[in-house]
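**Q** Take a look at this one; I'll ask things after.
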Amino acid sequence: MKIFKLLLAFVLALPLGAFAQGKLNVVATTEDLGSLAREIGGDKVSVTALAKGYQDPHFVDPKPSFILAVSKADVLIVVGRELEIGWLPPLLSSSRNSKIQPGANGYLDASQTVRILEIPTGQITRAMGDVHPLGNPHYWLEPGNGRRMAQAIKDKLTELSPGDKAYFEQRYADFDQRLAAGEKRWDAAMAPYKGTKIVTYHRSWPNFMERFGLNVMGYVEPKPGIPPSPTHTIELIEEMKRQGAKLIVVEPYFDLKTPQAISNQLGGKVLVLAPSVGGTKEAADYIKLFDYDIAQLTLALKQVTGK
Ligand SMILES: [Zn+2]
């Protein structure tokens, strides 16, 4: 009985947080970040992703449920590089959650340690369209960057829950291994098509196409974020003819009319790829996203190149 009382006194003296803590509440702005957080956090975290993978991540309609999720978050993971600038700041202020404001411990900008392309050097003007001054924010579409993002998530979760360090390390090592195996598969599948010239609708794919050896020679958008114009479309068709490009990659949230019209002129092909986890049901997690996109892409490349 005495021992019991002693134990009870000991338990009561422990900080409440040790018991109340439970799982870390992680909110991710996109499903890609959500998937990586699940990979690393496992059953030590509960993850909510805000934007769906089939939505344009530049323009997301903030739902009331988003504010609730952000208000309860212990960690907020963002893509950064101004991708969410149109919809995240009001959510952050409405949430009244000081833990996850920029600069606070619970705020993680996943772009800080990744490789960013297309960082503008000169002055940015409106005439350039919706150019991101901090570089292209679609950097998650490259497995090397996925690994860097997972590492940053591991470090942040460890900082907030140091007792689970070994658990997060082990999950990271496991993810790293599966990702490396994936890279071997994807590189082998893409090898025959190295240097093939293609067109994409938006500048969503510079990291992806560079990594897998394709050459993006033009865009359906005349400028980032600006809808297709007849003048630009005619020029693009001429340029594609000249350079022998036949494949047009389109994100699921864009109108297929212009890409289809271009493709008809060239006897080419329009391919809708998933730019994010959840962009299609097969792209259920970060590794499956690449499995899906590479399978679709190689199928289409085979048709247009005859290789
Ligand atoms: Zn963009």
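**Q** With the cut-off at 20 Å, report for region 21-97 the share of all Cα pairs above it, as a whole percent.
**A** 25 percent
**Q** Can you tally the net charge around residue 61? Count Lys and Arg as +1, Asp and Glu as -1, for every other residue whose Cβ sits under 14 Å from the Cβ of residue 61.
**A** Computed value for this residue: 0.
**Q** Please give the FRET efficiency for residue 115 paired with residue 181, using the beta carbon to beta carbon distance and R0 = 25 Å, rounded to the nearest 0.05.
**A** E(calc), rounded to 0.05, equals 0.75.
**Q** Out of the total accessible area of the chain (probe 1.4 Å, heavy atoms of protein only), what percent is carbon and sulfur?
**A** Result for the chain: 56 percent of the exposed heavy-atom area is carbon or sulfur.
**Q** Evaluate E = 1/(1 + (r/R0)^6) for residue 126 and residue 93, where r is the Cβ-Cβ distance and R0 equals 25 Å; express this FRET efficiency to the nearest 0.05.
**A** 0.45
**Q** Please work out how much length the chain gains when fully extended from residue 303 to residue 71, using 0.36 nm per residue of separation minus the C-alpha to C-alpha distance, in nm with one decimal.
**A** Extra length from residue 303 to residue 71 when fully extended: 78.6 nm.
**Q** List the residues, sorted by chain then number, that are 5 or more residues from residue 48 or on another chain and whose placed amide H is less than 5 Å from its amide H.
**A** Counting only residues 5 or more places away or on other chains, the set is 26, 27, 28.
**Q** If you don't mind, there's one more thing I want to ask. Based on the Cα gyration tensor of region 195-262, what are the three equivalent ellipsoid semi-axes, each the root of five times an eigenvalue, rounded to whole Å and given largest first?
**A** Listed largest to smallest, the semi-axes of region 195-262 are 18, 15, 10 Å.
**Q** Beyond 34 Å, how much of the Cα-Cα pair distribution for the chain remains, as a whole percent?
**A** For the chain, the fraction of Cα-Cα distances above 34 Å is 29 percent.
**Q** Tabulate in residue order the Karplus-calculated ³J(HN,Hα) for region 168-182, using 6.51 cos²θ - 1.76 cosθ + 1.60 with θ = phi - 60°, rounded to whole Hz; enter x for Gly and Pro.
**A** Working through the residues one at a time gives 5, 4, 5, 5, 5, 4, 5, 5, 4, 5, 5, 5, 4, 5, x Hz.
**Q** Residues with amide H under 5 Å of residue 107's amide H, sequence separation 5 or more or different chain, H placed in the peptide plane at 1.01 Å from N; which?
**A** Residues meeting the criterion, in which the H sits 1.01 Å from N, are 76.
**Q** Taking only Cα atoms and a 10 Å spring cutoff, compute GNM fluctuations for the chain and point out the largest among 59, 212, 175.
**A** 59
**Q** Okay, next question. Could you provide, to the nearest whole Å², the per residue accessible area of region 149-307 with probe 1.4 Å?
**A** I get 45 Å² per residue for this part.
**Q** Another one. So which residue, out of 57, 90, 252, gets the largest mean-square fluctuation from a GNM of the chain using Cα contacts under 10 Å as springs?
**A** 90
**Q** Excluding ligands and nucleic acids, what accessible area in Å² is computed for residue 94 using a 1.4 Å probe, to the nearest 10?
**A** Using a 1.4 Å probe on the heavy atoms, I get roughly 60 Å².
**Q** Applying the Karplus parametrisation 6.51 cos²θ - 1.76 cosθ + 1.60 with θ = phi - 60° to the phi angles of region 291-307, what ³J(HN,Hα) value in whole Hz is obtained for each residue in order, glycine and proline being reported as x?
**A** Here the 3J(HN,Hα) series is 4, 5, 4, 5, 5, 5, 5, 5, 4, 5, 5, 4, 5, 7, 9, x, 8 Hz.
**Q** Bins of 10 Å, beginning at zero and ending with the bin holding the largest distance: percent of Cα pairs per bin for region 11-153, please.
**A** Histogramming region 11-153 at 10 Å steps yields 11, 39, 33, 12, 4, 1, 0 percent.
**Q** Now for a separate question. In region 172-216, which trypsin sites (Lys or Arg not before Pro) fall in coil by DSSP and have 11 or fewer other Cβ atoms within 10 Å?
**A** Passing sites in region 172-216 are 194.
The values are calculated or read from the model by the stated rules, or taken from the named source; none is laboratory data. The model shown is predicted, which means the values in this text are computed figures rather than measured ones. Backbone-built Cβ (ideal geometry, glycine too); neighbour counts: all protein chains shown. With ligands, DNA and RNA removed, areas are computed over all heavy atoms of the protein, side chains included. Shrake-Rupley method; radii C 1.70, N 1.55, O 1.52, S 1.80 Å.
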